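This report refers to the structure that appears directly beneath it.
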Amino acid sequence: MSKGGTIRQLAITASLAALTLGAASAQADTLQEALTEAYFNNPTLEAARAGQRATDETVQIERADGLPSAEATASATEFLKQSSTSFFTPDRALVAGVDLGVPIYSGGAVKNSVRAAKERVDASRADLRGTESAIFTQVVAAYMDVLRGQALVSLSLNQVDVLSVNTQATSDRFEIGDLTRTDVAQSQARLALAQGDLRSAQANLIAAREDYISLVGEAPVNLQAPPPLAGLPTDVETAVDVALENNPDLIAAKERAQASRYDINVAGSSRLPRVSVFAGYDYQNFLGSVADAPLDPDNPLGPTVASPQTTTAAQAGVSLRVPLFQGGRPAALQRQATARASAALEQVIAAERDVIAQVRSSYSSWQAALAIIESSQTAVSAAELSLEGVRAENSIGNRTILDVLNAEQELLQTRVELVTARRNAYVAGFSLLAAMGRAEARDLGLAEEGVLYDPVTNYDSVSGRIWDWESVPGPEVVTTSTRDIPAPTAEIPEVAQPLDRP
């Protein structure tokens, strides 16, 4: 790109801030404030963070299979009828025991399951980045839609005022015979169309404000001009290179593909030996229900001695389990995991293609909008001169009322196109940054507004926590409802200059 072209782009990009007027009240909202509010109060983003915290737990869940386990059992039995061949006939028994198991070797299942879980945690973090970037892109679009809606309502109001004056002037001239009924009808028709366009513009503004409320959680008060976008690339090749390194969707696809490779090893481990160490302790108490035993077994009616009412036992050992035949299940699981890994690898290519297409498309849209801004500014200036000349010529009879109406409509259309192009350029530029992985809180300076959410903090907090009875607080809603926010109207803030001016 030439130096002159770069300067032109920077100048036009800076002029995007003129989509709304420079005069703003002290209560005006800025784009930074809207993004910050959405960052801390958007339910979709907050739900994604909760989902990330749930994914963090999978590592400890998989790791638990490789840790020691202890189990206590107890039972109380009342023998209602004894076997006729049994010489040991207690009436009741209390049995309790403690068993300890320590896995030594599991064929690599635990190790690879933990590795796969960690990869999926990284993928989930990338997904969270993608969600954050997508929410910000929607907020920027909603912010700019409100500004565009206000600009179009202002233009439509101005057009209605101008045509109302024209219609009244045309009627007055008709009354004195200077114009015909046709001139009056043409003026009235254009005024009616302008009034309909005004209603449509007002409805679109209300819809834009509703979208803003849904995303941000607050009503737009008096939005200020957005700041120029920083970090935009000078050429599409640079944009693609950056995106292929930083795009969160592509990163997530790569992490899942790596996790699927570990899943293959997990599936194959089911046909390998299992080695574990075990120990146990058992206790029995017959609760005094065992009859006393005779001192002389040959004289059952002679003197007796109390029989023991409790017994204990302990054991320890090593267990080896070697699968010999499982009906083909391990091989089927491994083939299934391999197929899923192949699908994950293809999804990486698909994600890469999507990223490239998105970057190139956003870059093209951004460049096109910049060009439209430049041409529309020229068109607005030319249309203003044209309208001024047509009105002057109409005053001396060289132009008809229809010529004046057409000139006014052409000026309105060029102004609308300029306002729309400025909105489109800003949104396309931000979408390009999002595709490049540069439209997240850390890139937009939101750290100055408060502590940013760090998913690693929760992961570090829950990692290695092995206490089964750890209590956690119940779920709660973090974001706020918009039920009490009054329904937006189509009113626009006071402006100081035409919205189509740079």
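The values are calculated or read from the model by the stated rules, or taken from the named source; none is laboratory data. Keep in mind that what you see is a predicted model, and the values were worked out from it rather than measured. We place every Cβ from the backbone using ideal geometry, glycine too, and count neighbours over all the protein chains shown. The area values use the complete protein model at the heavy-atom level, side chains included, leaving out ligands, DNA and RNA. Shrake-Rupley method; radii C 1.70, N 1.55, O 1.52, S 1.80 Å.
Can you tell me which condition THR234 does not meet? The list is (1) polar (S, T, N, Q); (2) closer than 25 Å to GLY429 by Cβ; (3) touching a residue at least 12 places away in the same chain (Cβ under 8 Å); (4) part of a helix (DSSP H, G or I), and all the others hold. Single failed check for THR234: (4). Taking residues in segment 172-198 that are free of Cβ contacts under 8 Å to residues at least 24 places away in the same chain and of a type outside the set (Ser, Thr, Tyr), and partners anywhere that are open to solvent by less than 50 Å² (accessible area, probe 1.4 Å) and not in a helix (DSSP H, G or I), the pairs with Cβ atoms closer than 8 Å and at least 6 places apart or on different chains are ARG173/LEU179.
Among the numbered conditions (1) in contact with a helix residue (DSSP H, G or I) (Cβ under 8 Å, 6 or more places away or on another chain); (2) open to solvent by 60 Å² or more (accessible area, probe 1.4 Å), the only one that THR378 does not meet is (1). May I ask you to verify whether THR420 is of a type in the set (Ser, Thr, Tyr), modelled with pLDDT of 90 or more and assigned to a loop (DSSP other than H, G, I, E, B)? Judged against the criteria, THR420 is not a match. Going by what's in this entry, would ARG415 be described as in contact with an Asp or Glu (Cβ under 9 Å, 6 or more places away or on another chain) and assigned to a loop (DSSP other than H, G, I, E, B)? No; evaluated as a whole, the condition is false for this residue.
Each row is one residue, and each column tells you yes or no for (1) at pLDDT 95 or above; (2) of a type in the set (Asp, Glu); (3) under 25 Å from the mean Cα position of the chain (by Cα); (4) open to solvent by less than 50 Å² (accessible area, probe 1.4 Å).
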residue	(1), (2), (3), (4)
LYS81	no, no, no, no
SER84	no, no, no, no
ASP91	no, yes, no, no
GLY107	no, no, no, yes
ARG120	yes, no, yes, no
ALA123	yes, no, yes, yes
THR131	yes, no, yes, yes
THR137	yes, no, yes, yes
MET144	yes, no, yes, yes
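Condition check: surrounded by 17 or more Cβ atoms within 10 Å (Cβ to Cβ) and in contact with a Ser or Thr (Cβ under 7 Å, 6 or more places away or on another chain). Does GLU408 satisfy that? No, not satisfied. Counting residues in segment 321-342 that are within 30 Å of LEU418 (Cβ to Cβ), at pLDDT 95 or above, open to solvent by 50 Å² or more (accessible area, probe 1.4 Å) and of a type outside the set (D, E, K, R) gives zero. Under the condition of being in a loop (DSSP other than H, G, I, E, B) and either modelled with pLDDT of 95 or more or open to solvent by 40 Å² or more (accessible area, probe 1.4 Å) (or both), the residues counted in segment 43-79 number 4.
Of all the listed residues (ASP172, ASP183), the sole one being surrounded by 16 or more Cβ atoms within 10 Å (Cβ to Cβ), of a type in the set (Asp, Glu) and under 27 Å from ASN398 (Cβ atoms) is ASP183. Got at least one residue in segment 14-32 being modelled with pLDDT of 90 or more, touching a Phe, Trp or Tyr at 6+ places or on another chain (Cβ under 6 Å) and open to solvent by less than 80 Å² (accessible area, probe 1.4 Å)? Within segment 14-32 (the criterion being modelled with pLDDT of 90 or more, touching a Phe, Trp or Tyr at 6+ places or on another chain (Cβ under 6 Å) and open to solvent by less than 80 Å² (accessible area, probe 1.4 Å)), the answer is yes, since at least one residue qualifies. Close Cβ contacts (under 8 Å, 6 or more residues apart or on different chains) running from residues in segment 464-492 that are among the β-branched types (Val, Ile, Thr) to residues that are assigned to a loop (DSSP other than H, G, I, E, B) and modelled with pLDDT of 90 or more comprise ILE466/LEU67; THR479/ASN42; THR479/GLY217; THR480/GLY217; THR482/GLY217; ILE485/GLU218; ILE485/ALA219. For the structure I just gave you, tell me whether GLU346 is open to solvent by 70 Å² or more (accessible area, probe 1.4 Å) and modelled with pLDDT of 95 or more. In short, yes. Condition check for LYS111 on (1) in contact (Cβ under 8 Å) with a residue 60 or more places away in the chain; (2) surrounded by fewer than 20 Cβ atoms within 10 Å (Cβ to Cβ); (3) over 30 Å from LEU31 (Cα atoms): one failure, at (1).
Within the set ALA243, ALA253, ALA207, the sole residue that is free of Cβ contacts under 8 Å to residues at least 60 places away in the same chain, open to solvent by less than 60 Å² (accessible area, probe 1.4 Å) and part of a helix (DSSP H, G or I) turns out to be ALA207. For the residues LEU370, LEU345, LEU405, the requirement of being in contact (Cβ under 8 Å) with a residue 12 or more places away in the chain and under 30 Å from ARG261 (Cβ atoms) singles out LEU345.
For GLU448, state whether it is part of a helix (DSSP H, G or I), at pLDDT below 90, open to solvent by 90 Å² or more (accessible area, probe 1.4 Å) and over 26 Å from GLU210 (Cβ atoms). Taking the combined requirement at face value, the residue satisfies it.
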